[in-house]
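Below you'll find the structure, written out as structure tokens, and then a few comments.
FYI, it's all coordinate maths here, none of it is from the lab. If you're wondering where the values come from, they're calculated on a predicted model, not measured in any experiment. Cβ coordinates were reconstructed from backbone atoms using ideal geometry, including for glycine residues, and neighbour counts include every protein chain displayed.
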Amino acid sequence: MPYVASIHIYPVKSLDGIAVDRAMILPSGALEGDRSFAIFDDLGQFVNGKRNSGVHFLRFWFDPENRTVSLKIQGTEEEFFFHIDTERSEIESWLSNYFGFHVKLVENLLVGFPDDTASPGPTAIGTETIAEVASWFPRVSVSEMRQRLRANIEIGGVPPFWEDQLFGEADEIVRFKIGTAIFEGINPCQRCIVPARHPQTKETYPSFQKIFTAKRKETMPEWVKKSRFNHFYRLSVNTRVLPQSAGTIVTVGDRVEILSISKAKV
């Protein structure tokens, strides 16, 4: 039986995530606390792993209950603690010194800063999918692959790529339920350069995208809607959440159930 094996949120976009036992769904469809903060430069651009490799050497921890954070430069001993609300300027000063240019730490409590603004719901992936993909790369552990892919909801009790059932053709809507919350699977998530890099060293795995693409095509189940793949560098499922599910709680152990597949309204 498909169930929620783990939930991960990433309080600051591009920085380390934390595992949580439960997460509330916001009116936007995002999980509360996920990518609710982002680091911006003075040009209004994200300071993220795609643009600045220094992100990989930052170790970050967040206590959502007390709203405290710790920051540490990898390979050093000293750890710095701040309250994310009352000491925001101190955090920005620390980060600016680290990056070597002025940055702002911006919070968006409504929707956060999702990669796919059209589908801001949590991304979903199978536990066995992560293990299968890790097996394509001999030097990459399952834990490291999980960090590379940065999905929100991990589904257990199913074979690799089961989650590809959570999206249909371009004109179809797949609805599924986690606990009492109703989701719509939208499309397979297009990956960027980030999964190719070691999450803590920025080292790029040789031919990562080429290997990934070839193996993804080779191992794709027959029933997958291949028309949704203009290329095979796609993995995990982007989602939206029905408005009536706002305020509901997703919990580790919740059952995952496909409800219906219907034609999208034009």
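Values for this structure:
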| read-out | value |
| --- | --- |
| Top of Pro160, Pro122, Pro138 by mean-square fluctuation, Gaussian network on the chain, Cα under 10 Å | Pro138 |
| Charge-dipole axis of the chain as Lys and Arg at +1 and Asp and Glu at -1 on Cβ define it, positive-most pick from Leu110, Leu242, Gly17 | Leu242 |
| When each of Lys217/Lys263; Lys13/Lys210; Lys177/Lys265 is checked by Cα-Cα distance, pairs over 32 Å | none |
| 5 angstrom amide H check on Glu172, placed H, neighbours 5+ away | Ala264 |
| Label of the coordinate-derived value, log10 I(q)/I(0) by the Debye sum over Cα atoms at q = 0.10, 0.11, 0.13, 0.16 Å⁻¹, listed as [x] -0.51, -0.62, -0.87, -1.28; [y] -0.56, -0.67, -0.90, -1.22; [z] -0.65, -0.72, -0.86, -1.12 | [x] |
| Other-chain or far-sequence residues with amide H under 5 Å of Val103's (modelled H) | Ser96 |
| With at most 10 other Cβ atoms within 10 Å, longest stretch of the chain clear of loop trypsin sites (Lys or Arg not before Pro) (DSSP) | 1-138 |
| Sum of side-chain charges, Thr117 neighbourhood, beta-carbon under 13 Å (Lys, Arg +1; Asp, Glu -1) | +1 |
| Exposed GluC sites (Glu not before Pro) absent - longest run of the chain, DSSP non-H/G/I/E/B, at most 10 other C-beta within 10 Å | 79-221 |
| The stretch 56-134: chymotrypsin sites (Phe, Trp or Tyr not before Pro) falling in loop per DSSP and having at most 13 other Cβ within 10 Å | Phe101 |
| Residue among Gly121, Gly44, Gly29 with the largest mean-square fluctuation in a Gaussian network model of the chain, springs linking Cα atoms under 10 Å | Gly44 |
| Dipole-positive endmost among Pro160, Ser119, Pro27 within the chain (Cβ charges, Cα centre) | Pro160 |
| Folded to 0 to 90 degrees: helix 208-219 orientation relative to the chain principal axis, Cα | 20 degrees |
| Separation in nanometres of the label points that stand 7 Å from Cα toward Cβ, at Ser141 and Ser207 | 2.6 nm |
| Pairwise FRET efficiency - Glu77 versus Arg228, Cβ, R0 = 35 Å, nearest 0.05 | 0.15 |
| Calculated on alpha-carbon atoms, Rg and Dmax of the stretch 37-107 in Å | 11.8, 32 |
| Simple label model, 7 Å out from Cα along Cβ direction - Glu257 to Ser6, nm | 2.7 nm |
| Options Phe62, Asn48, Ile84, ranked by Cα towards positive dipole end of the stretch 37-107, top entry (Cβ charges) | Asn48 |
| Stretch gain in nm, segment Glu107-Ser70, where the contour uses 0.36 nm per residue and the Cα spacing is subtracted | 11.6 nm |
| From phi via Karplus (6.51, -1.76, 1.60), per-residue ³J(HN,Hα) for the stretch 183-193 in Hz, x at Gly/Pro | 10, 10, x, 9, 6, x, 6, 6, 8, 10, 6 |
